[in-house]
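Colleague: Can you read through this structure? Questions will come right after.
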Amino acid sequence: MSGDHTHGAHDVRADHDDSLTYYQAMEIAVRELLIEKGVLTAGDVRRQIETMDARGPQVGAIMVARAWVDAAFKQRMLEDGSAAARELGLQIGPLKLIVVENTPDVHNVVVCTLCSCYPRALLGLPPDWYKSRSYRSRTVREPRAVLAEFGTVIPDGTRICVHDSTADMRYLVLPRRPEHTEHLDESGLAKLVTRDSMIGVSVIET
Amino acid sequence: MTDAHTVTFRAGDRVRVRVAHPIGHVRTPYYLRGKGGVVERICGSFPNPEELAYGRNGLPARPLYRVRFLQRELWPDYAGPPTDVLEAEIYQHWLQPEDAPP
């Protein structure tokens with residue numbers, strides 16, 4: 001076999017990251033300037049990314065599981081979501097949280113038509129589909145069809161409440177506790193809670 | 001007292017989103033403009049995002065409401081049950097009493 005490997009003879013799949021968008025170039029330029037001027041270090045940037053990556057649905061699940069086992073806490077959570085998160089010692093920063101409860105009568109689903117507002121302190125980074133134009137435009141227009149595409153069929157007797165996260169509030173759905181979970185303790189319950197159930201595009205199955 | 005506008009609507013009040021098309025950063029979706037709904041709750045007062053977006057302080061703060069709309073009133077051909085609703089946050093300066101002239 002020849003050592004001079006060339007690509008002339010066959011096609012090469014194109015890389016997806018071989019050109020920068022305007023805002024990618026802007027981010028690199030600003031970041032490099034901030035580092036060059038000593039405002040922050042590359043380590044600071046990496047640590048902040050690590051902090052953001054450490055947030056995830058397991059944090060929101062703590063709130064949900066507590067609400068399932070403690071009716072008084074649930075009541076406080078529905079009245080003031082931010083205060084309830086802080087009561088559990090969750091680091092939510094300036095988050096203004098509204099928790100909406102799924103019941104047999106109402107199913108809640110969250111969308112941000114204008115951008116991608118999302119309770120990141122409790123759920124981490126939003127999934128790509130949450131930021132897509134399709135999800136954002138269709139969820140307000142035909143929520144039942146969108147939910148069905150997630151495998152979530154809501155009976156006509158259950159009202160759908162779409163929450164368009166247009167301004168300063170962020171939303172967490174309190175999913176219904178699945179049946180046959182009486183034997184589980186709070187941490188066992190928390191493991192059942194999925195990201196999508198807290199956005200409201202799915203329900204928790206057992 | 002100039003750090004916040006007075007709250008003029010209460011939970012349960014019927015309101016209508018103003019029809020306006022200002023240029024710039026606006027947090028009132030097009031599909032809700034001109035639509036009538038009910039104030040679900042008062043969220044508090046916040047600096048005006050239409051000012052914050054351009055580096056100004058956004059003060060005095062603007063009352064923010066969650067307004068509930070019937071889907072059937074947002075979309076004439078809405079396919080779901082008539083009880084389906086949508087809730088969104090709307091700043092006070094985008095709201096008027098539902099029966100006020102547009």
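Colleague: State whether the stretch A:16-161 is rounded, prolate or oblate according to the following rule on the C-alpha gyration tensor (a ≥ b ≥ c being the square roots of its eigenvalues): a/c under 1.5 gives rounded; otherwise a/b larger than b/c gives prolate, and the remaining case gives oblate.
Modeller: On the way: a/c = 3.09, a/b = 1.45, b/c = 2.13.
In terms of gyration-tensor shape, oblate.
Colleague: Set the Förster distance to 30 Å, then compute FRET efficiency between A:Ala25 and A:Ala54 from the Cβ-Cβ distance, nearest 0.05.
Modeller: On the way: r = 28 Å, r/R0 = 0.94.
In this case the efficiency is close to 0.60.
Colleague: Taking R0 as 35 Å, what's the FRET efficiency between A:Glu179 and A:Ala145 from their Cβ-Cβ distance, rounded to 0.05? If you can, show how the numbers build up before the last one.
Modeller: Values: r = 27 Å, r/R0 = 0.77.
For R0 = 35 Å, the calculated efficiency reads 0.85.
Colleague: Each residue of the stretch A:125-139 in order: what ³J(HN,Hα) in whole Hz does its phi give by Karplus 6.51 cos²θ - 1.76 cosθ + 1.60, θ = phi - 60°, with x for Gly and Pro?
Modeller: Residue by residue, the stretch A:125-139 yields 6, x, x, 4, 5, 5, 8, 6, 4, 4, 4, 5, 7, 7, 5 Hz.
Colleague: Then there's this: Let me check I've understood the local charge: for A:Ala190, count other residues with C-beta under 12 angstrom from its C-beta, Lys and Arg +1, Asp and Glu -1. What total comes out? Spell out each step's value before the answer.
Modeller: Working: positive: A:Arg66, A:Arg177, A:Lys191; negative: A:Asp185, A:Glu186.
Counting the neighbours of A:Ala190, the net charge comes to +1.
Colleague: Something else: Does chain B come out rounded, prolate or oblate by the C-alpha gyration tensor, with a ≥ b ≥ c the root eigenvalues, rounded set by a/c under 1.5 and, if not, prolate when a/b is larger than b/c and oblate if not?
Modeller: Because a/c hits 1.5 or more and a/b exceeds b/c, chain B counts as prolate.
Colleague: Any idea what the dipole of chain B comes to, in debye rounded to 20, about its Cα centre with Lys/Arg Cβ at +1 and Asp/Glu Cβ at -1? Mind showing how you got there, number by number?
Modeller: Values: 13 positive and 12 negative charges, 17 e Å.
Roughly 80 debye for chain B.
Colleague: Explain nothing, just the number: dipole magnitude of the protein assembly as shown about its Cα centre with +1 on each Lys and Arg Cβ and -1 on each Asp and Glu Cβ, in debye rounded to the nearest 20. Spell out each step's value before the answer.
Modeller: Working: 37 positive and 41 negative charges, 175 e Å.
For this selection, approximately 840 debye.
Colleague: For a quick check: with amide H placed at 1.01 Å from N, whose amide H comes under 5 Å from A:Ile160's, ignoring anything fewer than 5 positions away on the same chain?
Modeller: A:His107, B:Asp84, B:Val85
Colleague: Amide H neighbours of A:Leu40 under 5 Å, at least 5 residues apart or on other chains, H built in the peptide plane: list them.
Modeller: A:Ile35
Colleague: List A:Asp18, A:Asp44 from most exposed to least, where exposure is judged by having the fewest other Cβ atoms within 10 Å. Don't skip to the answer; put the middle values down first.
Modeller: Values: A:Asp18 6, A:Asp44 12.
Taking fewest neighbouring Cβ atoms as first place, the list is A:Asp18, A:Asp44.
Colleague: To the nearest 20 debye, what is the magnitude of the charge dipole of the stretch A:55-199 about its Cα centre, counting +1 on the Cβ of each Lys and Arg and -1 on the Cβ of each Asp and Glu?
Modeller: Working: 19 positive and 17 negative charges, 112 e Å.
The calculated dipole for the stretch A:55-199 is roughly 540 debye.
Colleague: Relative contact order for chain A: what is it in percent, counting Cα pairs under 8 Å that are at least 6 residues apart? Walk me through the intermediate numbers first.
Modeller: On the way: 268 pairs, mean separation 48.4, N = 206.
For chain A, the relative contact order is 23 percent.
Colleague: So which trypsin sites (Lys or Arg not before Pro) in the stretch A:1-90 are both in a DSSP loop and have at most 16 other Cβ atoms within 10 Å of their Cβ?
Modeller: Numbers: sites: A:Arg13, A:Arg31, A:Lys37, A:Arg46, A:Arg47, A:Arg55, A:Arg66, A:Lys74, A:Arg76, A:Arg86; in loops: A:Arg13, A:Lys37, A:Arg55.
Those satisfying the criteria are A:Arg13, A:Lys37.
Colleague: Could you check the spin-label model distance between B:Asn57 and A:His16? Points 7 Å from the Cα along Cα→Cβ, value in nm.
Modeller: 4.5
Colleague: Continuing with the same structure: Only loop residues by DSSP count here, and only those with at most 12 other Cβ atoms within 10 Å; note down the GluC sites (Glu not before Pro) in the stretch A:132-189 that meet that. Please list the in-between numbers first.
Modeller: Details: sites: A:Glu149, A:Glu179, A:Glu182, A:Glu186; in loops: A:Glu179, A:Glu182.
Of the GluC sites (Glu not before Pro), the ones in loops of the stretch A:132-189 whose Cβ has at most 12 other Cβ atoms within 10 Å are A:Glu179, A:Glu182.
Colleague: Run the helix sum for chain A: -39,500 (n - 2.57) per DSSP H stretch of 4+ residues, divided by residue count, reported at 222 nm to the nearest 500 deg cm²/dmol. Intermediate results must be reported in sequence, preceding the final value.
Modeller: Working: 11 runs with 91 residues, N = 206.
Counting only the DSSP helices, I get -12000 deg cm²/dmol.
Colleague: While we're looking at this one, here's another question. Using modelled amide H (1.01 Å from N, peptide plane; none on Pro or chain starts), what sits under 5 Å from the amide H of B:Cys43, excluding residues fewer than 5 places away?
Modeller: Amide H neighbours of B:Cys43: B:Leu64, B:Tyr65, B:Arg66.
Each reported figure results from applying straightforward, stated rules to the coordinates on display, with no laboratory input. The structure presented is a predicted model; accordingly, all values stated were derived computationally and were not measured. Heads up, the Cβs are rebuilt from the backbone with ideal geometry, glycines too, and the neighbour counts pull from every protein chain shown.
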